[in-house]
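Structure below; questions to follow.
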Amino acid sequence: MPDCREHELKIAIAPDRLDEAIAFEPDSQALTRGPMQTRRLVSTYFDTSDHVLFRHGYVLRIRQDGVEPTQCLKGTTHSGSVGTRFEHEVAAPASTPDIDLFGPTVAAELESILEGAPLVAIFTSQIERTVRTIEWHGATIELAADSGEIVAGSKAERVAEFEIELRAGPLQPLFEIGLLFVDRFAAGLMQQSKSERGFGLLGHAPVPCPSEPPELDEAMPTGQAIAAVLQACLDGFVGNWPAIIVGHNADAVHEARVSLRQLRSALSLFGPSLPAGQARSLSDGARRIAAVLGEARNLDVLHDFLREPAGDDPEAAKARRRLMRRIARRRHAAYAEAAARLADSNTARFVLALQLCILNVGEMPNATFPGSIEMIAEEGLAALLGKALKRHKDPARRSPVSRHRLRIALKKLRYAADFFSSLYDEDQAGPYVERLGSLQRDLGELNDQVMIERLIATLQLGDVGRFVSMPKLPGREMRRTLGSLSRDWRRFRKARPFWIARSRRSRTA
């Protein structure tokens, strides 16, 4: 695919303040270019009858704006970074799509997805857009206030949103001006596009976005490599917002929390290379958001445990149903709180500040850093391994609290291994990470019992408490799990760290 990208932020400004927003002057350096314009946009979205393009991460539309019709192929939210996604727009001489207009590379990609299936109109949007273009800090930025509706068959959804799009110039001003609008209007960020909302009307619920490890190369400048790690964490977090906010999806909550934990680990690793205090401030922000998501996640785990059948005892079954209704109410409230937190202005500030940090780090010269990304990887991995091995006694003979601390230390090591594994051969990193994963699973299984006990204690079960049995592992099963933990711990301690051979070759090269 060609490198065609749009850079745009969607700000959730209240509908009754859109006129105020379009006229807002960020500061005295903002110069309006040309008159403010209002035009009507009518867009028709095309796909196969089973929506194969959307399922592959693409959206195809033809837009009429009263000037020149255009045909546009866009990536979905999952296909891009914060404020950035694939977009390829061409003139449209007809009201039906012609994928050959995109050029041979894009057309070949679409043909391989479509496999001959015809494209048909799926839904439409009718939007009144007021546009103002400004020059600000070396960038050309388009401000747009949209109002209208999306129509899919008998279903419709109102649209009222504010967009800030970079038309030319460096990326940083887009996120800097985004922060000004967030502060001025106490607004959050929106992650769902109009097209994704249209497909939502057709029954496509937002799906979880598993975190993807960054692709690093030993020849990359250090700043770019660090930026790639941080970007992967941020994209994993933000990519799960729609599934949490719209779908209350338990897997999306889990993935978002993992991304935030990965981010905090990365900030700890790279903190000395960032401006003073920035890593701590961003890490604190991630921790606060994760704490809100944690309540929803904990109730998901508890719900899955307690929904097990209660046997044939009618009284027990009735008590369990009453308890499940109580938990369902708490889960609903927890997801509502999580959705509100993701949509608020504090989270928007956190995301925009982190994105600015990433862009700035990516442009820092190599001399700014203590060494290459390989050297930083080697030292960081060695330090994390050292912290884990400080707890050198057999974890099977230690207390649950001690095992939990070891589990956290190993998680941080695993995250770092995932960050840097692309710098090493798979046959070096793979076996080590596999042993690390086995050890984590053992510790996780033992930790589940402790966690569920703690969650149940917060429920104040009262008269239904006697019907809730704890997930006590049978003696034989407990011995098996502890035995597996001892074996996996010994295997892990004997494993040769995959970064050592590379680092020795690098020093002798």
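The values are calculated or read from the model by the stated rules, or taken from the named source; none is laboratory data. All figures in this text were calculated on a predicted structure; none of them were measured in a lab. We place every Cβ from the backbone using ideal geometry, glycine too, and count neighbours over all the protein chains shown.
Pairs needed: first member in segment 356-377, more than 24 Å from Gln172 (Cβ to Cβ) and in the same structural domain as Ala279 (by TED's automatic domain parsing); second member anywhere, of a type in the set (Lys, Arg) and part of a helix (DSSP H, G or I); C-beta distance under 6 Å; at least 6 residues apart or different chains.
none
Next up: Could you tell me how many of the residues in segment 241-251 are part of a helix (DSSP H, G or I) and either surrounded by fewer than 20 Cβ atoms within 10 Å (Cβ to Cβ) or out of contact with any Phe, Trp or Tyr (no Cβ under 8 Å at 6 or more places or on another chain) (or both)?
Of the residues in segment 241-251, 6 are part of a helix (DSSP H, G or I) and either surrounded by fewer than 20 Cβ atoms within 10 Å (Cβ to Cβ) or out of contact with any Phe, Trp or Tyr (no Cβ under 8 Å at 6 or more places or on another chain) (or both).
Mind checking whether some residue in segment 200-223 is in a helix (DSSP H, G or I) and out of contact with any helix residue (DSSP H, G or I) (no Cβ under 9 Å at 6 or more places or on another chain)? Spell out how you get there, then give the answer.
Just the residues of segment 200-223 that are in a helix (DSSP H, G or I), to begin with: 200-201, 222-223.
Filter again for out of contact with any helix residue (DSSP H, G or I) (no Cβ under 9 Å at 6 or more places or on another chain), leaving 201.
Yes, segment 200-223 contains at least one residue that is in a helix (DSSP H, G or I) and out of contact with any helix residue (DSSP H, G or I) (no Cβ under 9 Å at 6 or more places or on another chain).
Here's another thing I want to ask about it. Out of the residues in segment 259-308 meeting the condition of being among the polar types (S, T, N, Q) and closer than 30 Å to Asn366 by Cα, tell me which one is modelled with the lowest pLDDT.
Ser273
Could you list, in sequence order, all residues of segment 180-219 that are buried (at least 19 other Cβ atoms within 10 Å of the Cβ) and of a type in the set (A, V, I, L, M, F, W, C)?
Those that are buried (at least 19 other Cβ atoms within 10 Å of the Cβ) and of a type in the set (A, V, I, L, M, F, W, C): Phe181, Val182, Phe185, Ala187, Leu189, Met190, Phe199, Cys209, Leu216.
So which pairs qualify, if the first residue must be in segment 52-74 and free of Cβ contacts under 8 Å to residues at least 24 places away in the same chain, the second must be surrounded by fewer than 18 Cβ atoms within 10 Å (Cβ to Cβ) and charged (D, E, K, R), the Cβ gap must be under 6 Å, and the two must be at least 6 apart or on different chains?
Thr70/Glu89; Cys72/Glu89
A further question follows. Any chance you could count how many residues in segment 430-448 are farther than 15 Å from Ala409 by Cβ, at pLDDT 90 or above and hydrophobic (A, V, I, L, M, F, W, C)?
1
Give me the pairs: first residue in segment 11-33 and under 14 Å from Gly138 (Cα atoms) and touching a residue at least 12 places away in the same chain (Cβ under 8 Å), second residue among the hydroxyl-bearing types (Ser, Thr, Tyr) and surrounded by fewer than 18 Cβ atoms within 10 Å (Cβ to Cβ), beta-carbon distance under 8 Å, and six or more apart or on different chains, which are they?
The qualifying pairs are Arg33/Thr140.
Additional query: Cβ-Cβ distance below 9 Å, separation of 6 or more or different chains: which pairs start in segment 297-309 with a residue that is basic (Lys, Arg) and end on one that is modelled with pLDDT under 80?
Filtered contacts from segment 297-309: Arg307/Arg320.
Would you be able to say whether some residue in segment 404-417 is touching a Pro at 6+ places or on another chain (Cβ under 6 Å), at negative phi and surrounded by 20 or more Cβ atoms within 10 Å (Cβ to Cβ)?
Yes, the conditions are met somewhere in segment 404-417.
Only residues that are without any contact (Cβ under 8 Å) to a residue 60 or more places away in the chain and either within 13 Å of Pro15 (Cα to Cα) or in a strand (DSSP E or B) (or both): list them for segment 149-171, please. Walk me through it before giving the result.
Quick first cut of segment 149-171, residues without any contact (Cβ under 8 Å) to a residue 60 or more places away in the chain only: 149-159, 167-170.
Scanning segment 149-171 gives Glu149, Ile150, Val151, Ala152, Lys155, Ala156, Glu157, Arg158, Val159, Arg167, Ala168.
Could you look through segment 220-232, keep only residues that are over 23 Å from Arg257 (Cβ atoms) and among the hydrophobic types (A, V, I, L, M, F, W, C), and pick out the one that is surrounded by the most Cβ atoms within 10 Å (Cβ to Cβ)?
Ala225
Same structure again: Pull up segment 362-381, narrow it to residues that are hydrophobic (A, V, I, L, M, F, W, C) and assigned to a loop (DSSP other than H, G, I, E, B), then point me to the one that is nearest to the chain's Cα centre (by Cα). Give the derivation first.
Quick first cut of segment 362-381, residues hydrophobic (A, V, I, L, M, F, W, C) only: 364, 367, 369, 373, 375-377, 381.
Among the residues that remain, those that are also assigned to a loop (DSSP other than H, G, I, E, B) are: 364, 369.
Working: Met364: 25, Phe369: 27 Å.
Only one residue fits best here, namely Met364.
For Val159, indicate whether it is among the β-branched types (Val, Ile, Thr) and in contact with a Leu (Cβ under 9 Å, 6 or more places away or on another chain). Full working, then the answer.
On the way: among the β-branched types (Val, Ile, Thr): yes; in contact with a Leu (Cβ under 9 Å, 6 or more places away or on another chain): no.
Spelling it out, it is not the case that Val159 is among the β-branched types (Val, Ile, Thr) and in contact with a Leu (Cβ under 9 Å, 6 or more places away or on another chain).
When you scan segment 318-336, do you find a residue that is in contact with a helix residue (DSSP H, G or I) (Cβ under 8 Å, 6 or more places away or on another chain), closer than 30 Å to Leu384 by Cβ and assigned to a helix (DSSP H, G or I), even just one?
Checked segment 318-336: no residue is in contact with a helix residue (DSSP H, G or I) (Cβ under 8 Å, 6 or more places away or on another chain), closer than 30 Å to Leu384 by Cβ and assigned to a helix (DSSP H, G or I).
If I filter segment 227-235 for residues that are in the same structural domain as Leu31 (by TED's automatic domain parsing) and over 21 Å from Ala23 (Cα atoms), do I get at least one hit?
No.
If you don't mind, there's one more thing I want to ask. Regarding Val351, is this residue closer than 30 Å to Arg480 by Cα, of a type in the set (A, V, I, L, M) and either surrounded by 14 or more Cβ atoms within 10 Å (Cβ to Cβ) or not assigned by TED's automatic domain parsing to the domain that holds Asp284 (or both)?
no
Continuing with this model, one more query. Could you list, in sequence order, all residues of segment 116-143 that are surrounded by fewer than 18 Cβ atoms within 10 Å (Cβ to Cβ), closer than 14 Å to Ala168 by Cα and touching a Gly at 6+ places or on another chain (Cβ under 9 Å)?
Glu135, His137, Gly138, Thr140
Determine if segment 37-49 includes at least one residue that is crowded, with 18+ Cβ neighbours inside 10 Å, in contact with a strand residue (DSSP E or B) (Cβ under 8 Å, 6 or more places away or on another chain), among the β-branched types (Val, Ile, Thr) and farther than 27 Å from Leu101 by Cα.
no
Sticking with this structure for a sec: Being under 25 Å from Cys209 (Cα atoms), assigned to a helix (DSSP H, G or I) and of a type in the set (A, V, I, L, M, F, W, C) is the filter here, so list the residues in segment 183-194 that pass it.
None - no residue of segment 183-194 is under 25 Å from Cys209 (Cα atoms), assigned to a helix (DSSP H, G or I) and of a type in the set (A, V, I, L, M, F, W, C), so the list stays empty.
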